[in-house]
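The values are calculated or read from the model by the stated rules, or taken from the named source; none is laboratory data. None of the values given here were measured: they were computed from a predicted structure. Quick reminder, even Gly has a Cβ in these numbers, built from the backbone with ideal geometry, and neighbours come from all protein chains shown.
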Amino acid sequence: MHQLHLLMLLSSSEVMWISQASVLNLLGALWIIGLKAAEPDTGSVSCALRGISSPPAFSKEGHFIIGGVFSFHYYLRIVQHNYTNHPEPLQCTGRMYTRDLRFARAMQFAIEEINNRSDILPNVVLGYQIHDTCSVVPVASKIALQFANGNDPKITLASSCPKVASVTAVIGDSSTTPSIGMTRLLGLFGVPQVSHFATCACLSNKHEYPAFFRTIPSDHFQAAALAQLVKYFGWMWIGIVRSDSDYGNNGVASFLRAAQKEGICVEYSVAFYRTNHRSKLERIAEVIRSSTSKVILAFIALGEMRLLMEELAKKPPPPLQWIGSESWMTDQEILKSGMFAGAVGFAIEHSVIPGFRRFLLDITAAQVSQSPVLREFWESTFDCTMPRTQTEVDLMQVKLCTGTEDLSAVQIPYTDTSQLRITNMVYKAAYAIAHAIHRVVCDNGQNSQVPRCNKTEFVEPHQVLEQLKKVNFTVNGYPVAFDSNGDPVATYELINWQTGEDGTMQFITVGRYDASQPKGQELSLTKKITWLNGQTQIPVSVCSESCPPGTRKAVQKGRPVCCYDCIPCGEGEISNETDSLGCASCPDEFWPNSKRNECLPKPVEFLSWDEVFGIILAVCSIIGAFMVVVVTGIFYRHRSSPIVRANNSELSFLLLFSLTLCFLCSLTFIGRPSEWSCMLRHTAFGITFVLCISCVLGKTLVVLMAFRATLPGSNVMKWFGPLQQRMTVICFTFVQALICTLWLVLSPPFPSKNLSYYKERIILECNLGSAGAFWAVLGYIGLLAVLCFVLAFLARKLPDNFNEAKFITFSMLIFCAVWITFIPAYVSSPGKLTVAVEIFAILASSFGLILCIFVPKCFIIVFRPEQNTKKHVMGKVPSKAL
């Protein structure tokens, strides 16, 4: 007599953690079973079943019973309850799916095989009770309570009743949602449940589902495998259709978490359940037809997938690349439709179970007539009717089944043993439970070949539960073990639906996923994949085309991150990768090429010898120096002539020497700046120009004082003799030399790279070091030039045909004009033009001095020698206009 644990658990402290969902399941199951407490009699309390317990589809008596739940059907007959009569028993309806019938038969085969073995549970007979859950929670909950409490019509509660359930463990269900409902109930009683096909990652939570195990990998691994697969083939824009159930919703949630890490975007994610109104399925089909993504992931149960296939067949969508989950990826019926040719997806590894096909086909007429499930299967397979009685045979005018029909001649999922995948999971589950029971009731003793088993021992489910956690064995070459979450090691085959040589669709294994491998190496391909429409090229499914190097991605407002515009990199930035999220700035001395995908060294700009501008300035400088040499030669040859002697020949030759240096110092500004050239160009320029202006100033003072010396009693000229003139030039030049020396010692000019003026090129220039010293040098030159100009202007009208003051006035006027305009031009000129402006100022002022002071005298010496007389110089002979 079984004790009714359900009534006891409500006061048990061990199950106070029961969830609200579990309570609802319990209450619903109580209503379904219809328990009614009987009047208490002396010594015992009993309960009677008001409802009708569900008979098993297959059963066998044994010392220990294993429960089995499979979904032969996918619909529950709808009954309207009026609450005035006893509720009718729950009944499954709809077409039979023979694949689950094969699963149930695999459980039978495994148990029969175990019963015939001597190394596992010798002399112990395992029995079974196999039920059809219709893949719905109410039936699954009802069966779970039957497993926990038995099917006796009257249950007596007494202290002598053993606390054992009617089954030691349960195999199933084939779907996630019924499995969740069952394990919530069975877990309360400590009855272990080993599923062969419930893959929801949520079931790995041992706090909520402490008694749940499975031989199929968790969807946590399948979701990661699918995300890696999508990433591997570069599909960044996909659609998702899922079952609106625990399997679909939890599986897609896991996939989305993994996909987000891989940068995969989802255009849409739609869900439906097979019991939804047809209009919802039509809307989902329209979403698929109108989508822009070319790849669609169907994380969907087999029942929903068949409905979706039927709906899409009415108006086929554009060619899509389908990615399938293991629930439908190896279904023969969907494969034969040909609609999803080229589909890829993961499936459980295929296997071989020796003797299983012969067991499947070995169904006798007696077995068919005695089992309603086999009778329905037989009639639907051979399109005949199995008679119940001889009277029915005489009355029925339909095709009758003889019971001798040949199962091997039909091609249906039940007889297909070429792809034993989930079937092997059932086989492994049965062996896992058998090994757990063996560890409870058997003692291997000293001789492990002859174990001793106590088949009369009462085995409580929680004992089997504890031993299931420890099992580790191999059957048919397939390892069986569970981790701390009750899950096996996750391994999958990558399946591709290809058209064979005979024109039929086939499952082809093209790769493998092994979660035990190092990260990033789990997925491996072994064969070529045939894609949609028989293509060998990988389909492209992106929301936006890849951004080439030189651009960056800019996410479109309100759309997923995979939808973006390609924006060219900004000035000074590059991107050298496809689909770059941002652009990187080039280093200071580099600049992007025209495609903005590479940083190239910036061109270095300076006034070089080989460019036109540099050549022109160099030629002008040399011409100026040559002119000075020519003038010097003329003056030296005619050094005794009145004009030369009258214009202070000593200062004139010194002035010519300084002008030569002025012309030549401009050459130091041309070419690549170096440390020495930077120091030389500015100091040489400053000193030579002061020397030049000092000579001009000396000549001006001599002219001015010479005429003042003619006044009676004047002895001014004794202060402006040759020695004083030399000392004046030396003193003026020494001041400039001192300024330049301090400049070079304290903060000398140095070559530098100007990166700020032009972004795309480098200006190689001489940094002044001390800007104050530079402007002090220029200011001193300007001061002397202004002083010279004022004195020359005052002496311009003195009576002399060749009064130098006139020419010095013009030369200083040009000199000052040049350097006054030089200042704004120098400050505002960019790059090498700054150097060019400085050279131009040097050459212009130097040419002004040579042309204004010396060319008129040379003209008289060379072309008008008759005027090169003392009388003409003294102004006693009127001078003709030149």
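Worth a mention:
- Qualifying positions in region 646-683 - within 17 Å of Val837 (Cα to Cα) and hydrophobic (A, V, I, L, M, F, W, C): Cys662, Phe663, Leu664, Cys665, Leu667, Phe669, Ile670, Cys678
- Total residues in region 482-510, condition assigned to a loop (DSSP other than H, G, I, E, B) and aliphatic (A, V, I, L, M): 2
- Region 657-702, subset aromatic (Phe, Trp, Tyr) and more than 28 Å from Arg645 (Cβ to Cβ), residue surrounded by the most Cβ atoms within 10 Å (Cβ to Cβ): Phe669
- One residue from Ser325, Ser369, Ser337 being modelled with pLDDT under 90, of a type in the set (Ser, Thr, Tyr) and farther than 26 Å from Thr404 by Cβ: Ser337
- Members of region 466-481 that are in a loop (DSSP other than H, G, I, E, B) and either polar (S, T, N, Q) or not assigned by TED's automatic domain parsing to the domain that holds Phe109 (or both): Asn476
- First in region 88-117 and among the β-branched types (Val, Ile, Thr), second anywhere and at pLDDT below 95 and in a loop (DSSP other than H, G, I, E, B), Cβ under 6 Å, 6 or more apart: Thr93/Arg77; Thr98/Ile412; Thr98/Pro413; Thr98/Tyr414; Ile114/Ile120
- Test: residue in region 675-683 that is without any contact (Cβ under 8 Å) to a residue 12 or more places away in the chain and among the hydrophobic types (A, V, I, L, M, F, W, C): yes
- Scope region 215-241; condition of a type in the set (D, E, K, R) and either under 21 Å from Cys543 (Cα atoms) or surrounded by fewer than 23 Cβ atoms within 10 Å (Cβ to Cβ) (or both); matching residues: Lys231
- Qualifying residue in region 825-841 (condition: closer than 30 Å to Pro642 by Cβ, buried (at least 18 other Cβ atoms within 10 Å of the Cβ), at pLDDT below 80 and small (Gly, Ala, Ser)): no
- Only residues that are within 39 Å of the chain's Cα centre (by Cα) and either among the aliphatic types (A, V, I, L, M) or part of a loop (DSSP other than H, G, I, E, B) (or both) were counted across region 174-193, and they come to 3.
- Hey, Glu304 part of a helix (DSSP H, G or I), touching a residue at least 40 places away in the same chain (Cβ under 8 Å), surrounded by 21 or more Cβ atoms within 10 Å (Cβ to Cβ) and not assigned by TED's automatic domain parsing to the domain that holds Ser71 or not: yes
- Just one of (1) assigned to a loop (DSSP other than H, G, I, E, B); (2) within 50 Å of the chain's Cα centre (by Cα); (3) modelled with pLDDT of 90 or more fails for Ile363. It is (2).
- Options Ile296, Ile288, Ile353; residue that is touching a residue at least 60 places away in the same chain (Cβ under 8 Å) and not small (Gly, Ala, Ser): Ile353
- Matching entry among Thr632, Thr578 (being out of contact with any helix residue (DSSP H, G or I) (no Cβ under 6 Å at 6 or more places or on another chain) and either polar (S, T, N, Q) or under 17 Å from Ile860 (Cβ atoms) (or both)): Thr578
- Filtering region 568-590 to residues that are aliphatic (A, V, I, L, M) and under 27 Å from Gly239 (Cβ atoms) leaves only Leu581.
- Residue in region 43-59 that is part of a loop (DSSP other than H, G, I, E, B), at pLDDT below 75 and either loosely packed, with under 12 Cβ neighbours inside 10 Å or among the polar types (S, T, N, Q) (or both) present: yes
Here's the yes/no breakdown for (1) closer than 30 Å to Phe854 by Cβ; (2) more than 57 Å from the chain's Cα centre (by Cα); (3) in the same structural domain as Ser845 (by TED's automatic domain parsing):
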| position | (1), (2), (3) |
| --- | --- |
| Pro587 | no, no, no |
| Pro592 | no, no, no |
| Ala618 | yes, yes, yes |
| Val629 | yes, yes, yes |
| Arg637 | yes, yes, yes |
| Thr660 | yes, yes, yes |
| Phe669 | yes, no, yes |
| Glu675 | no, no, yes |
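- Complete set of residues in region 341-374 that are aliphatic (A, V, I, L, M), closer than 30 Å to Leu229 by Cβ and buried (at least 16 other Cβ atoms within 10 Å of the Cβ): Ala341, Ala343, Val344, Ala347, Ile348, Ile353
- Neighbours by Cβ (under 8 Å, 6+ apart or cross-chain): first from region 472-497, free of Cβ contacts under 8 Å to residues at least 60 places away in the same chain and surrounded by fewer than 19 Cβ atoms within 10 Å (Cβ to Cβ); second of a type in the set (A, V, I, L, M) and not in a strand (DSSP E or B): Pro479/Val489; Ala481/Val471; Ala481/Val489; Asp483/Val489
Every residue, every condition in (1) at pLDDT 95 or above; (2) buried (at least 21 other Cβ atoms within 10 Å of the Cβ); (3) out of contact with any strand residue (DSSP E or B) (no Cβ under 8 Å at 6 or more places or on another chain); (4) outside the structural domain of Thr168 (by TED's automatic domain parsing), yes or no:
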site	(1), (2), (3), (4)
Leu24	no, no, yes, no
Asn85	no, no, yes, yes
Tyr97	no, yes, yes, no
Ala110	yes, yes, yes, no
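- If the condition is being polar (S, T, N, Q) and in contact (Cβ under 8 Å) with a residue 12 or more places away in the chain, then region 535-555 contributes Gln535, Ser541, Ser544, Ser546, Thr551.
- Residues in region 246-290 that are more than 26 Å from Val540 (Cβ to Cβ), of a type in the set (Asp, Glu) and surrounded by fewer than 19 Cβ atoms within 10 Å (Cβ to Cβ): Glu282 alone.
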